[in-house]
Each structure stands twice: as C-alpha cells, then as structure tokens.
1. Can you compute 3J(HN,Hα) from phi for each residue in the stretch 297-308, using the Karplus curve 6.51 cos²θ - 1.76 cosθ + 1.60 with θ = phi - 60°, rounded to whole Hz and x for Gly and Pro?
2. With all pairs of different alpha carbon atoms counted, what Kirkwood hydrodynamic radius in Å does the stretch 232-403 show?
3. As a quick test, which of the pairs Lys58/Lys106; Lys39/Lys343; Lys188/Lys330; Lys40/Lys86; Lys39/Lys348; Lys27/Lys106 have an alpha carbon distance above 24 angstrom in this structure?
4. Could you please rank Thr76, Thr169, Thr270, placing first whichever residue has the fewest other Cβ atoms within 10 Å of its Cβ?
5. Based on other C-beta atoms within 10 Å, arrange Thr352, Thr111 from fewest to most.
6. Give the cross-link partners of Lys289 among the aspartates and glutamates, using a straight C-alpha distance below 13 Å as the criterion and excluding same-chain residues fewer than 8 apart.
7. Which residues does a label at Asp313 reach in the stretch 274-295, if reach means a backbone N under 20 Å from a point 7 Å past the Cα toward the Cβ?
8. At Glu35 and Thr352, where each label point lies 7 Å from the Cα along Cα→Cβ, what is the point-to-point distance in nanometres?
Amino acid sequence: MDTSTSNSVCSTGIGATHGPLADYPEKFLSHLKAEHYSKKSIRDYTKCLDVLSRRMRKRGIDVMDLDEGGAVALVTNSKRNPSRRKDRVCVVRNFIRFLTASGAGKPVPPTELDDTPLGRLRRDYEEYLRRQRGLSERTIGHCWGFAVRFLKFRFGGGEVGDLSQIAATDIAGFMRHLVSRDKPFRDKTPATHLRNFFRYLFESGQTAANLALCIPSIKQQFDARLPRHLDAGHVEALLTALREDSPIGRRNYAMVLLLARLGLRAPEVTAMQLDDIDWRAGDIIVRGKGQRHDRLPLPQDVGEALAEYLRRDRVSNSRALFVVDQAPHKPFKNAQMLNLILKEAFAKAGLTPPAPFVGSHVLRHSLAAALARRGASLDEIADLLRHQHRASTMIYARLDVEGLRSIAQPWPAAGGAK
C-alpha cells in the first residue's frame, strides 16, 4: 500500500486501532489498489470500513461471526441517504467476499445438492451439453429452460414422471401450445433446444426412440426478405462516430472495428483474450460457436486500433482483451454492451438502423453483402464468416444483383409466352 493510502487508513482509525476487524481492512485496501481502484474509491471504502469496525466494537461482534447480512445491517441502519446506503452495501459485500476468500468471517454454508429426480436429470443433461455438444453456459441455460417447460407441460408441476412414456404426440402438443400464444411466433430456438433434450434422452437410454427426429421446425414467414445490412458508406460513418479520443471511445472503436472488418459475432469479440493476438504473424484467434477456435488475418487498421487501446487505456489483471471501464476492470458478463454501443453510434451518426432492433449482426451482414457485391464467391464468404453449413451462406446470394442478372432469362416479348 502506498503512503497516501496508509495515511488515509490511519486517519479513520482502522490502521491505528485495528479493532474487531484486525488487519483485514488494510489487506483489503491493498487488494483494491492492486485491482486498480481509484484513490477516491479507496477513500470511500476506508470510511465505510471504519464505520463497520466501530459498530462491531460497540456491539461486541467478532470478525469470525461476521456475515454479509449482519455487515450490511451494521452499516445501513440510517435511512436518511438512500444513495449512501446503496454504496455501503456494495462496499460491505465486496469486503465480505474478501474475508471469505481469506478464511475469515462466518463460514458460508455449503450449497445443498439437489438430489431430486429433476435435479439429477438437470446435472446429467447440462454435463452432456457441455461435454458432448460444446455449448456455452448461456445456451445450456436456455436448453434446460425449455426442457423444464416441456416436462411441466407433460407431467404437470410435480415430480418428473416416466420419461420412457413420452410420445411424439406430447411434443406436438407442446409445440402447438408454444406457437399459439403469440402470433406470429418467430423464435426458432424451442425446436432446436428440444431436439438437444430428446437426443440426450435417447443416447442416455431413457427413451426407446429418438424423439428428436419428430420435432417439427417453426415456420418462418420472413426468410424471403434480404438480410438487414448497411452500405459501405454507412458502416464508415458509424466507425467515425465511435472514434473518440477517450479510453472508452478507443475501446468501443476497436470492438466495433472487429465486427465490421472481420464479421465477428458479438460474443466472439467479448471472449477474446490477450494471448489470442499474434502480433508477429499478424493474425488473431477467434473463439467461435461450439468451442471452435479459428485463426483469421488481422487487418492493419484493426491491429492499430487494438494496439492503441492496449497501450493507452487498458488496465486490468484479467487476460480478457476487452474489459469494463470501472474497477476492478473485469471482462464483460455478456455481449449485450455491443448492441448498446451500436445504438448510440447510430444516433450520433444520424443514421436510421435497418431494423427496429439494433443488433451487432448488422455489421456481419454488411460485410458479407459488400463481399458479394465485389464478386466474392459463396465459399470465400463462408470461410470468412466461419459458417458450418452452406445454407447459412446462401442467403447472401440474393445480394449479388449482377450475378443474378447474368443468369436471369429474358422477358418474353409480346405474344411470345405460351
């Protein structure tokens, strides 16, 4: 801990008297400094811990008897300032987590294992999705959610019944129940997630037949439209609007530039690690769907934007490439931040999004559309976008107007049609 932090600690009484918290506040504040918290934040933490220590001493509470609920109650017994109450709750929670990791404080009771049939089914199914299917934790959660909804539909809200008695008519009834609630029903994921569940039941021997084969696909009425995309000028206008001379501006510009130049998915951007960039070879590793790792060339402007962000702004102990701007500068929890960044960029650039919902996939579509118009083959587009199925790339064939014009038949002249 530096001198300014030590003086701040001593001035509040924590460092001088220790009290019921012993030297844990000093260790915690040193930890905050190592996590790149600002001096102001460390001062605020110090004041809150001083309040906690004094009230623990007054009530005769030992550090080994302190838990999160008790600590929050000690420092938030005043209702005069709601904002201060919220700040103190955050401070105390972080401090209790630090105490727990240090082996102090009241021991956290172990999480009880759900040993019911439904609990065992969930653990086994999630492990199957994780190991056999290579799905992300977020997708695994969605798969289990639809599995639970089906089981409640088939067996009611009680215990799980005999899974071997599930029939194709049960699945058809559940799908009719889903699509009849809201019209038009455009979500394709229920059928996909249910196929995973029934494929698991068949492979684990819990059903005699592979019921995944009888799950119908949800009809899509909007596939005839062209992929929502931007022309090259609008893409550059978005990038210009994002390019600000600030730490957040440089980070956001580098993230969106990866979307625009390499056609990455938003989760692939937030999943990048520092070790994924090979500066000497000039390429980058992309952590794609299904735990696939692909290597792509790093364009010069993308490399320059990444280097500027890393040299000037990035401060974190994490190995994630992109981190949040607030201490302790952890990786992003999900990729939704990119959608918000793009929405603000559209507003700043004065552009109207091609769809009501502003999603990061618009830049992926825009890159594919630009390649198709420049004469790139579908195989080249599929390689860049890392499609596993040719059908995923075929939608961009409709954007190649010149190519379609070359194979169009001449319009019959008057009287020529038979």
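1. 3J(HN,Hα) across the stretch 297-308, in whole Hz: x, 9, x, 5, 5, 5, x, 5, 5, 5, 5, 5.
2. Working: mean 1/r = 0.0597 Å⁻¹.
With all distinct Cα pairs of the stretch 232-403 included, I get 16.7 Å.
3. Too far apart for the 24 Å limit: Lys39/Lys343; Lys188/Lys330; Lys39/Lys348.
4. Numbers: Thr76 17, Thr169 9, Thr270 22.
If I rank by nearby Cβ atoms, fewest first, I get Thr169, Thr76, Thr270.
5. Values: Thr352 9, Thr111 6.
Taking fewest neighbouring Cβ atoms as first place, the list is Thr111, Thr352.
6. In chain and number order, the partners are Glu137, Glu268.
7. Once the point is set 7 Å along Cα→Cβ of Asp313, 274-277 turn out to lie under 20 Å by backbone N, inside the stretch 274-295.
8. Placing both labels 7 Å beyond Cα along the Cβ direction yields 4.6 nm.
Here, each number is a calculation from the coordinates, and none is a lab measurement. Bear in mind that the values here come from a model prediction, so they are computed numbers and not experimental data. Using ideal geometry, Cβ is built from the backbone for each residue, glycine included, and neighbour counts are taken over all protein chains shown.
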